[in-house]
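Every number in this text was worked out from the coordinates using simple rules, so none of it is lab data. Everything numeric here is computed off the predicted structure, so don't read it as measured data. No Cβ is skipped: glycine too gets one built from the backbone with ideal geometry, and neighbour counts run over all protein chains shown.
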Amino acid sequence: MSNTKNAPKVVILAAKEQPLPYNLKTLESLAEVTVTDTAGLPAASSDAEVLFLWDFFSSALKQAWPKANRLQWVHVAAAGVDAMMFDDLRTSDVVVTNAHGIFDQPIAEFALASILAHDKQLHRSKSLQRDCRWQHRELTRTGGSRVLVVGTGGIGRATGRLLRAVGMEVRGVGRIAREDDPDFGTVLPSNYLAEHAGWADHIILVAPLTDETRHLIDSGILAAMKPSAHLVNLGRGALVDEPALIRALQQGQIAAASLDVFSEEPLPTDSPLWGMENAHMSAHMCGDVIGWRDALAEQFQHNLERWAAGEDLSNVVDKDRGYVSSAGAVENRAGMRLV
């Protein structure tokens, strides 16, 4: 625990089975730190100024909110803040920050891997290998294919840059249309997605989940896509109308979907997606490269040091929009690493 007389009071919310931040002792040298789980959060937050949501999918703050009278800052160890956001927090003066920047490159790499696995039929090859079947096929060239990246924040931009580097034609989809974007060239408005969905060979979802993006990919968008198109969801499960997607895959309306996120997680065992040859699934892990937890812990430490020094926090979330806008992304990544 910090010996500083006026050290900030920090609560770290962690799940019971969750490993604690590796730099906990350093955090304790900067602040009076209390580690708690969901059950203990109301009591622990009663005099807390800072809440670190290490358990980043927790919605426990909403229940603890009446007790959190001194709270000034909440940091979420995730890029998305949809799980913990609620109206009273949104309209309060409490600052929310997130893990903006940590997952950009890993998720971009996963997006490229998903496209390559689809174009090169790697899933099919593994299935044939299990059956000891030698079946020569012709594959799809990835360079020159067309991609819509839905979400133009840090993750979307890293994805756009990487896909363009391998020769793909990339356009972004965001809130505001623009031309001559440095990473996408063209950015299309999301409310016109249906008009442009048929252009793409691949649609990559990396947008935050907000009221505007919930079920953004619905039956209408799926119907507008090419029969040969491939949907990749690396954002949030609720970006997609899952029953509509299942029907589209079953009916051959689109060729395939690569899904890292789902409406319910873990995905229920009775979901038709488990048995579908054209659905390729992973367990919400696209950004979790080796060292990701340490990077998240360091990011909070750097922001806590800024807080203690009276400096502006980095990665401030626009609580109305649900993500970090360019104005909120103070660059402060020195010493942050993925190992």
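Once the Kirkwood radius over Cα pairs is known for the range 104-281, the Stokes-Einstein relation at 25 °C and 0.890 mPa s delivers a diffusion coefficient of 150 µm²/s. Put in line by how crowded their Cβ is, counting other Cβ atoms within 10 Å and starting with the fewest, Ile155, Ile246 read Ile246, Ile155. Among beta bridges identified by DSSP and lying wholly in the chain, the antiparallel ones come to about 10 percent. Springs join every pair of Cα atoms under 10 Å in this Gaussian network model of the chain, and among Thr91, Thr26, Thr38 the largest mean-square fluctuation is at Thr91. Here the range 104-281 is assigned +1 on the Cβ of each Lys and Arg and -1 on the Cβ of each Asp and Glu. Its dipole about the Cα centre then comes out at about 600 debye. Computed on the Cα trace of the range 26-172, the radius of gyration divided by the Kirkwood hydrodynamic radius gives Rg/Rh = 1.18.
Determine Rg/Rh for the range 220-334; Rg is computed over alpha-carbon atoms and Rh is the Kirkwood hydrodynamic estimate from the same atoms. Reported Rg/Rh (Cα atoms, Kirkwood Rh): 1.12. Projecting the Cα positions of Pro208, Gly220, Tyr192 onto the charge dipole of the range 172-232 (unit charges on Cβ atoms of Lys, Arg, Asp and Glu, taken about the Cα centre) puts Gly220 furthest along the positive direction. Per-residue Karplus couplings for the range 94-99, computed as 6.51 cos²θ - 1.76 cosθ + 1.60 with θ equal to phi - 60°, are listed in order as 5, 7, 10, 10, 9, 8 Hz, Gly and Pro entered as x.
If a spin label sat at a point 7 angstrom from the Cα of Leu24 along the line to its beta carbon, the backbone N atoms of the range 281-315 nearer than 15 Å would be those of 294, 297-298.
Once the Cα-Cα distance is subtracted from the 0.36 nm per residue extended length, the Asp131 to Glu195 segment shows a gain of 18.9 nm. Summarising the amide proton neighbourhood of Tyr323: residues at separation of 5 or more, or on other chains, whose placed amide H is nearer than 5 Å comprise Asp318. With Cα atoms as the point set, the radius of gyration and Dmax of the chain evaluate to 21.4, 72 Å. Pop out the Kirkwood hydrodynamic radius of the range 1-85 from its pairwise C-alpha distances, inverse of mean 1/r, in Å to one decimal. For the range 1-85, the Kirkwood estimate is 12.9 Å. In order along the range 60-68, the Karplus-derived 3J(HN,Hα) couplings, from 6.51 cos²θ - 1.76 cosθ + 1.60 at θ = phi - 60°, round to 5, 4, 4, 6, 7, 3, x, 8, 8 Hz, and Gly and Pro are given as x.
A simple rule links phi to the HN-Hα coupling: the Karplus curve 6.51 cos²θ - 1.76 cosθ + 1.60 with θ = phi - 60°, which for the range 309-314 gives 8, x, 8, 5, 6, 8 Hz, with x for Gly and Pro.
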